[in-house]
1. List, in order, the whole-Hz ³J(HN,Hα) value for each residue of the range 51-62 obtained from phi through the Karplus relation with A = 6.51, B = -1.76, C = 1.60 and θ = phi - 60°; use x for Gly and Pro.
2. Over the Cα atoms of the range 110-210, Rg to Rh with Kirkwood Rh, two decimal places?
3. Using modelled backbone amide H atoms (1.01 Å from N, in-plane), which distant-in-sequence or interchain residues come within less than 5 Å of Thr6's amide H?
4. Looking at the chain, what % of its DSSP beta bridges pair antiparallel, to the nearest 5?
5. Give me the percent relative contact order of the range 1-135, please, defined on Cα pairs under 8 angstrom at least 6 residues apart.
6. Less than 23 Å apart at the alpha-carbon level, and either on another chain or at least 8 residues along: which lysines does that give for Lys123?
7. May I ask for the longest run of the chain untouched by GluC sites (Glu not before Pro) that are loop-located per DSSP and have at most 10 neighbouring C-beta atoms (other than their own) within 10 Å?
8. Please list, in chain and number order, the residues 5+ apart from Gly321 or on another chain whose amide H is under 5 Å from its amide H, with Hs placed from the backbone.
Amino acid sequence: MRSALTHLACSKCDAPYDADTVQHLCRCGAPLLASYDVEAAARTFTPQNLAAREPSFWRYGELLPLRDERNRVSLYERMTPAFPLTRIGAATGLPSLYMKDEGVLPTGSFKARGAAVGVSRAKELGVKAFAMPTNGNAGGAWSAYAARAGMEAVIFMPQSAPAINRLECVMAGARVSLVDGLISDAGRLASQAIAERQLYDAATLKEPYRVEGKKTMGFEIAEQFDWNVPDVILYPTGGGVGLIGIYKALRELQTLGLIGKRMPRFVAVQAEGCAPIVKAYQERRTESDFWPDARTVAFGITVPKALGDFLVLGALYETNGTAIAVSDDALLSAQRNVAAQEGLLICPEGAATIAAAEQLRAQGWIASHERVLAINTGTGLKYPDVPYPQPALLARRSPTGARASEGEAPRLR
Ligand SMILES: *Cc1c(COP(=O)(O)O)cnc(C)c1O
Ligand SMILES: [Zn+2]
């Protein structure tokens, strides 16, 4: 299983770049994407071979950038399950509603995919320290993999980012700076530190390999759906790297001849409080504007302006997909429904895809016979502060006045 990586190519102007030295953005300012020798990969990247390999995304080695397995930095990831949401599906009029649950990955979100591949490849290229701005889960994942790799992580995080992500980064030994501002402000400070200290820039899409890790979601989906991809894929979109990755993976599988011409219709799901991609999509534009006053409980999708917005929008147009914004009320209520009816505590971002599926079914955009896959990007356990109905608090004294104090053996009557 040898990487068939050949070079990097600009996602906008197609300019080629050497893949075996450190690269960031193209001269034109757009992200670079990895290109592979698909014919070479096709010789061993077959359904039969894949099925016999280890049950993690590392099984897709031909189409991953790592040249030497000894550089692999792993927390022993597993393929994540894709399974039917039977009750929610029935209630929504979508009998073939599925969820892919990324919450079971190390650090509790799909960010582990990007971090595992990104950190491994950085290590392979000789990187000793990197910096990045983060809203939360990416910092947590990259800090963890950096610790595993013995690499230095320099993290810039808005002060308002969840305490749990701060905890993850600090515990993993990252050098964390809190920023009084938004992710965009954290980005400016990260860029400054990168220039001053010559650190590797690991910001979203500013290095080409995070998206290669996230791409593996698409390979897993194709395999789990027996090479007959779903009709619709709903993805909670912030920077959009996951959606860009899944789309890239499916295009590569088409080139390999492993899936047919039919693509799933991609749906970018955002929160009403931060919906730049949805707005651009509605205006049929190819790029988005900065979204002022971004605000939602789904902090993983609080990205006011994504560097890869044109790639997300391109995937939506090319697959006859759509973009939809849901309210925080709708996504929080979907989160409770999925927990109560399916037993899964999913993250608010993932819940947004369920709320979106309901709305798109009601509008007739999704037909009842279609196979619909919602991506749950993380575990709900990382969100202890979401609002939920509080249980009643019982008094320690019973109404009769009998005391049940600690330390005393219960008295028998
Ligand atoms: C980062 C994140 C997202 C958004 O991911 P992108 O691929 O960058 O759009 C969604 N959900 C969770 C839980 C996240 O951490
Ligand atoms: Zn370019």
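The values are calculated or read from the model by the stated rules, or taken from the named source; none is laboratory data. Everything numeric in this text was worked out from a predicted model, so none of it was measured. Cβ: placed from backbone, ideal geometry, glycine included. Neighbour counts: every protein chain shown. Only protein heavy atoms, including side chains, enter the accessible area calculation; ligands, DNA and RNA are left aside. Shrake-Rupley method; radii C 1.70, N 1.55, O 1.52, S 1.80 Å.
1. 4, 8, 8, 4, x, 9, 5, 5, 5, 8, x, 4
2. On the way: Rg = 11.9 Å, Rh = 12.9 Å.
With Rg and the Kirkwood Rh in hand, the quotient comes to 0.92.
3. Amide H neighbours of Thr6, under 5 Å, 5+ apart: Ser35, Tyr36, Asp37.
4. On the way: 13 of 43 bridges.
That works out to approximately 30 percent antiparallel.
5. On the way: 170 pairs, mean separation 29.5, N = 135.
Relative contact order here is 22 percent.
6. Reachable lysines: Lys111, Lys206, Lys214, Lys215.
7. On the way: sites that count: Glu283, Glu406, Glu408.
Result for the longest clean stretch: 1-282.
8. Amide H neighbours of Gly321, under 5 Å, 5+ apart: Phe266.
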